[in-house]
């Protein structure tokens with residue numbers, strides 16, 4: 001006879017207790033592991049055995065002469081601006097300039113109807129001729145009376161009266177000669193000429209209009225563009241450095257476009273104002289540029305760079321090599337084993353994509369310029385061309 005044993009299942013509450021015990025043990029194990037790693041001291045990651053080298057691009061520092069500039073904003077200003085207005089009254093007969101034309105000093109710009117002034121000059125000339133004839137006649141009569149007086153024919157009173165006539169005729173001639181000069185001056189004013197070299201602006205008065213010396217609207221305005229000036233301000237703290245630079249000779253000044261992408265002109269610092277603005281803590285300065293190509297235009301805004309000094313034998317690196325961390329600036333250098341090292345540096349001015357390093361480098365290192373985002377101290381590197389580094393970034 002076959003006996004069948006029926007084994008009863010364990011109670012439900014017992015199975016739950018076993019599962020809970022397993023979970024508790026698992027949590028305890030994870031906690032112990034976390035405690036172990038958290039208590040460990042952080043160390044620089046060592047290169048894993050067989051780990052691929054990180055591709056980087058490097059460059060050697062350069063030893064060079066580096067100019068140091070002070071940057072600011074400036075406004076271009078014409079050295080001379082002249083409003084052309086009439087010096088006599090009359091009808092504007094001809095306008096001989098073109099708007100925007102370059103003119104030289106003495107160029108004829110416009111003509112006022114000269115006929116009334118020519119007539120006045122001719123009249124003054126005729127009056128002079130009459131005066132000269134009257135004077136000559138008075139002198140003749142005086143000489144005659146003096147001769148008769150010596151012969152006791154004419155009295156001394158007659159001689160004195162004739163002397164008075166000569167003096168009067170002489171004075172009249174002098175007066176009319178002065179009037180003739182004044183008439184000639186007025187006649188010359190009918191030709192309006194440029195008083196400076198420069199460029200004409202918009203014509204404000206057309207030919208045919210009556211013009212007067214009291215007019216407030218000029219016929220045209222001429223501005224001198226060669227040479228030209230730039231007005232700007234300098235911080236009070238930089239004043240002594242710029243004055244010292246001026247004592248050594250002409251101070252170079254560079255005018256750049258507002259986006260600093262284009263060099264417009266190179267000139268010299270010509271003036272430091274004689275007072276500091278107490279409200280802004282700045283002082284006005286003026287720079288002069290030859291402006292032969294007229295790259296600078298009156299009223300234009302520019303970035304002005306004043307050469308303060310030149311750093312001799314300065315160590316420079318590509319500005320891309322500079323990194324900034326919690327402790328300041330640093331660069332990655334590559335040692336003889338091909339491993340990266342962190343070198344703290346003190347940066348100076350940055351010019352044309354190169355940064356001056358005032359301390360931290362000797363000039364004999366290789367600094368990383370691309371690929372730093374994957375580096376740490378001790379990371380093994382592979383020096384690549386720039387295209388290879390770019391491919392790794394992708």
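The values are calculated or read from the model by the stated rules, or taken from the named source; none is laboratory data. These figures come from a predicted structure and were not determined experimentally. Every residue, glycine as well, gets a Cβ built from its backbone with ideal geometry; the counts of neighbours run over all protein chains shown.
Only one of (1) modelled with pLDDT under 95; (2) in contact with a strand residue (DSSP E or B) (Cβ under 9 Å, 6 or more places away or on another chain); (3) loosely packed, with under 12 Cβ neighbours inside 10 Å fails for residue 311. Which number is that?
(3)
Give me a count of the residues in the stretch 364-388 that are crowded, with 20+ Cβ neighbours inside 10 Å and in a strand (DSSP E or B).
Qualifying residue count, the stretch 364-388: 5.
I'd like the residue in the stretch 84-125 that is more than 42 Å from the chain's Cα centre (by Cα) and without any contact (Cβ under 8 Å) to a residue 40 or more places away in the chain and, out of all such residues, is surrounded by the most Cβ atoms within 10 Å (Cβ to Cβ).
116
Somewhere in the stretch 178-197, is a residue in contact (Cβ under 8 Å) with a residue 24 or more places away in the chain, surrounded by fewer than 16 Cβ atoms within 10 Å (Cβ to Cβ), part of a loop (DSSP other than H, G, I, E, B) and in contact with a strand residue (DSSP E or B) (Cβ under 6 Å, 6 or more places away or on another chain)?
yes
Test residue 361 against the stated conditions and say whether it is touching a residue at least 12 places away in the same chain (Cβ under 8 Å), buried (at least 19 other Cβ atoms within 10 Å of the Cβ) and either under 19 Å from residue 254 (Cβ atoms) or assigned by TED's automatic domain parsing to the domain that holds residue 249 (or both). Walk me through it before giving the result.
Details: touching a residue at least 12 places away in the same chain (Cβ under 8 Å): yes; buried (at least 19 other Cβ atoms within 10 Å of the Cβ): yes; either under 19 Å from residue 254 (Cβ atoms) or assigned by TED's automatic domain parsing to the domain that holds residue 249 (or both): no.
The answer is no for residue 361.
Restricting attention to the stretch 261-274, does a residue exist that is farther than 13 Å from residue 70 by Cβ, touching a residue at least 60 places away in the same chain (Cβ under 8 Å) and not assigned by TED's automatic domain parsing to the domain that holds residue 366?
Of all residues in the stretch 261-274, those farther than 13 Å from residue 70 by Cβ come to 261-268, 270-271, 273-274.
Then drop every residue that is not touching a residue at least 60 places away in the same chain (Cβ under 8 Å), which leaves none.
No.
Among the residues of the stretch 222-253, write down those that are under 30 Å from residue 194 (Cα atoms) and either touching a strand residue (DSSP E or B) at 6+ places or on another chain (Cβ under 7 Å) or surrounded by fewer than 15 Cβ atoms within 10 Å (Cβ to Cβ) (or both). So that I can check it myself, show each step before the final result.
Residues of the stretch 222-253 that are under 30 Å from residue 194 (Cα atoms), as a first pass: 222-232.
Hits for the stretch 222-253 are 222, 223, 224, 225, 227, 228, 229, 230, 231, 232.
Consider the stretch 149-167. How many of its residues are in a helix (DSSP H, G or I) and in contact with a helix residue (DSSP H, G or I) (Cβ under 8 Å, 6 or more places away or on another chain)? Lay out the reasoning, then the answer.
Step one: list which residues in the stretch 149-167 are in a helix (DSSP H, G or I), which gives 149-150, 156-167.
Now narrow it down to the ones that are in contact with a helix residue (DSSP H, G or I) (Cβ under 8 Å, 6 or more places away or on another chain): 149, 156, 158-159, 162-163, 165-166.
The total comes to 8.
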